[in-house]
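Take a look at the structure below.
The values are calculated or read from the model by the stated rules, or taken from the named source; none is laboratory data. This one's a predicted model, so the numbers in the text were calculated from it and none came from an experiment. Neighbour counts run over all protein chains shown; Cβ positions are idealised from the backbone, glycine included. Calculation scope for accessible area: heavy atoms of the full protein, side chains included, ligands and nucleic acids excluded. Shrake-Rupley method; radii C 1.70, N 1.55, O 1.52, S 1.80 Å.
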Amino acid sequence: MTLIIRLIKLWIMSKPANSKIPRREASAADMTRAALVRAALKLFGRQGFDGTSTREIASEARANIGSIAYHFGGKEGLRNAAADYIVDTIQTIAGQAIGNLQGPSDSEAGDSETDDPEAARAQLFTALERMVAFIVARPEAGEIVQFVLRELSHPTAALDRIYNGVFEPTHRRLCLIWEQATGEPAESEATRLTVFTLIGQVVYFRIGREAVMRRMGWRAIGDAEAAKIAAAVTDNLGAILARRHLTDRKDGRS
């Protein structure tokens with residue numbers, strides 16, 4: 001019997017490194033890690049970091065409580081992983097509408113960007129439409145916004161990751177496009193404030209979702225409702241751009 005056991009052990013040790021068993025284990029680990037991040041995002045946003053226990057997170061993720069320490073080193077590491085998930089998600093979505101957020105600096109990008117104001121204006125409209133489609137219509141965006149609002153109220157290192165990975169580069173990128181569309185300097189105070197108002201009106205429809213539905217008589221905000229919101233938001237952008245164009249004509253700049 002001892003000889004048989006030794007032969008079995010030798011056979012197992014001789015299995016190639018790329019056999020199916022390690023692949024299944026790696027896949028299970030990735031799934032557990034992703035489930036924990038999603039659970040943390042949801043519960044931290046809903047209950048706050050201090051109000052959420054690791055046991056609750058593990059239960060929500062249907063994972064062993066020890067997996068939090070194994071994958072993230074603890075609750076704080078899991079919060080940072082949730083922040084990184086937000087950064088990756090929004091970078092992907094924003095990148096589709098306004099280009100790579102982690103590209104060259106504004107001064108370096110200036111030489112390679114289009115000098116066509118019409119193309120830049122079209123990009124601004126596309127950016128707002130994509131924002132509405134994600135922030136307003138996608139269910140998972142609610143968890144992201146709740147998490148971010150918690151961080152904005154009580155900043156931690158997780159907010160630093162989100163600000164540096166998403167907030168600042170997205171805002172800078174939109175300011176640069178605004179400059180291409182209007183000729184106004186990207187980093188002027190007026191441009192930065194204008195871009196904040198464009199983003200802010202979209203975000204309101206998520207954080208004020210319940211009030212909007214009640215006032216509009218909507219039972220939910222789905223694709224049809226999101227399309228109406230996008231139309232209103234882009235109308236506002238069109239009005240701002242038209243006012244800028246009229247001012248430029250009066251001043252003899254076009």
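List of remarks:
- Full-stretch length increase - ASP116, GLN96 - with 0.36 nm per residue and alpha-carbon distance subtracted: 5.3 nm
- Summarising the label geometry, the points placed 7 Å from Cα in the beta-carbon direction at HIS154 and VAL203 lie 2.0 nm from one another.
- Across SER27, SER59, the residue with the most accessible area heads the list, and the full order at a 1.4 Å probe is SER59, SER27.
- One chain, two ends: ARG138 and MET31. Fully extended at 0.36 nm per residue, the span grows by 36.3 nm beyond their Cα-Cα distance.
- Label sites at ASN164 and GLU187, each approximated as a point 7 angstrom past Cα along Cα to Cβ, lie 1.9 nm apart.
- Fully extending the segment from ARG215 to ALA227, taken as 0.36 nm per residue of separation minus the present Cα-Cα distance, adds 2.6 nm.
- Segments 198-206, 68-76 sorted - mean Cβ within 10 Å per residue, highest first: 198-206, 68-76
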